[in-house]
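The values are calculated or read from the model by the stated rules, or taken from the named source; none is laboratory data. Since the model is a prediction, treat every value here as computed from it, not as a measurement. All Cβ positions, even for glycine, are placed from backbone atoms using ideal geometry, and neighbour counts span all protein chains on display.
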Amino acid sequence: MNEPKNRRVAVIGLGAMGGAMAATLHRAGWSVTGFDPSEAARKAAEKTGITTTGSLAAVAGTPYAVLSLPAASIVETTVPQLLADPGTVAIIDTTTSEPATSQHMARLAESNGAAFVDAPVSGGRDGAATGTLSAFVGATDAALKAAKPVLLALTSGNYSHIGGPGSGNVVKLLNNVLAAANLASVGEALGVAKAYGIDPATAAASISGASGGSKVSANMYPNWVLSGTHDSGFSMGLMARDAALAVDVAEQIGEKPELLAAVASQWQDALAALGPTADFTEIARTVAPAITPAGAPASNPAA
C-alpha cells in the first residue's frame, strides 16, 4: 500500500464519533489535530493524546481532514474554511449529510485542487474506536484514490464505493431508515411474544437464527433494550432526523415510499415522547414498553 507523504490530518468535530476516530488515527501513526468549538470535547480528545484547537482557521490547508458534524448545513460552512489555505489533499466527510450538499462540496473542492468524498459511517463508537467502521462512499475515482489512506485507517478497508458524489449519503440514509423500521418492528414482535408468556430474550434469539433475524434482533435488543442499558451512543434525535431525511431525499426524486414514511412518522412520535437526547434504542419503550425495564416514557420528556 502506498503511504501518503504527509500524514497530517485534521478531525473536525470531536464528539463521540469524531473523538474516537481522532484517537484511532493517532494510534495508526497520523499526526492529528482536532477541532471542536466545545472546550469539553477538546479536553476529552487531549486525554487520548490528540492536539486540539478552538480555531477552524488553524487547520485550514491541512493535507487531510475528517468531518464528523451534526448536520449538512455545518458541512457547508466548514469546507470553504478548510479550503481557504492551500495544501488540502482530501476531505473525508463522515457526517450523515445530504446528497446535494456533498455534490456542491465536491465541486468546490475540485475547483481548489482538492478531493471531497462523502463517507458516512456505520459501526458506532466501538467501530470508530477500533478502526473497524463501515463506510458508504460517494466520490469520483480520483477523489476516492486521494482519500483512501484515511478511509483505510478508519475502516480497515471495509468501505463500499457506491458511486459519484452524494451517493454515499443516499445509501447511508436508506440504511438508517431501514434500521429504524427494524427497531420498531422487532420491538412490536417481541411485545407480542411477551403477551403470550414467552421470554422476549428467548424469542429474539430464536428469530435471530431464522429468516426474520437481523442485527437488531441478535444484538441491539439483547444488549441495549432487554438489558435496560440503552447506551448505544446514538441518540433518538439523530435517528428521527435521519429517517425523516431518507423520506425527504426519496421525495425529492419523485419516489413515495409509504412504509418508510410511516416509519419516519413513528420515530417523530417517539422523539416527542422521549426527547432528542434519549438513546435511539429507547424506541422500544414506545412500541413495546412491556419488554423494557424502564417501561413507557413519561409524558414530559427532557428537552
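General remarks:
- Any hit, the range 289-301, residues being closer than 24 Å to G15 by Cβ, of a type outside the set (F, W, Y), surrounded by fewer than 22 Cβ atoms within 10 Å (Cβ to Cβ) and outside the structural domain of V186 (by TED's automatic domain parsing): yes
- Scanning the range 87-99 for residues that are more than 20 Å from H161 (Cβ to Cβ) and either in a helix (DSSP H, G or I) or touching a helix residue (DSSP H, G or I) at 6+ places or on another chain (Cβ under 7 Å) (or both) turns up just one, T88.
- The range 75-106, residues that are surrounded by fewer than 18 Cβ atoms within 10 Å (Cβ to Cβ) and either closer than 22 Å to T24 by Cα or in contact (Cβ under 8 Å) with a residue 40 or more places away in the chain (or both): A100
- Members of the range 107-123 that are surrounded by fewer than 16 Cβ atoms within 10 Å (Cβ to Cβ), part of a helix (DSSP H, G or I) and of a type outside the set (S, T, Y): R107, E110
- Residue in the range 201-224 that is under 30 Å from D118 (Cα atoms), touching a residue at least 40 places away in the same chain (Cβ under 8 Å) and among the charged types (D, E, K, R) present: no
- Residue, surrounded by the fewest Cβ atoms within 10 Å (Cβ to Cβ), within the range 232-254, restricted to residues that are among the hydrophobic types (A, V, I, L, M, F, W, C) and outside any helix (DSSP H, G or I): I253
- Failed criterion for D126 (all others in (1) at pLDDT below 95; (2) surrounded by fewer than 18 Cβ atoms within 10 Å (Cβ to Cβ); (3) within 16 Å of K172 (Cβ to Cβ) hold): (3)
- When the range 242-288 is limited to residues that are polar (S, T, N, Q) and under 18 Å from the mean Cα position of the chain (by Cα), the one that is nearest to N182 (Cα to Cα) turns out to be T281.
- All of A193, A128, A146 fail the test of being part of a helix (DSSP H, G or I) and not assigned by TED's automatic domain parsing to the domain that holds A23, apart from A193.
- Flag if S232 is among the small types (G, A, S), in contact with a strand residue (DSSP E or B) (Cβ under 9 Å, 6 or more places away or on another chain) and within 19 Å of N175 (Cβ to Cβ): yes
- T229 meets each of the listed conditions (1) farther than 16 Å from G187 by Cα; (2) part of a loop (DSSP other than H, G, I, E, B); (3) of a type in the set (V, I, T) apart from (1).
- Checking the stated criteria, T281 turns out to be closer than 26 Å to M17 by Cβ and part of a helix (DSSP H, G or I).
- The range 165-184 residues that are more than 24 Å from R107 (Cβ to Cβ), paired with ones that are at pLDDT 95 or above and not in a helix (DSSP H, G or I) (beta carbon under 8 Å, 6 or more apart): N175/F136; N182/S214
- If only residues of the range 140-179 that are β-branched (V, I, T) and touching a helix residue (DSSP H, G or I) at 6+ places or on another chain (Cβ under 6 Å) are counted, the one that is nearest to A28 (Cα to Cα) is I162.
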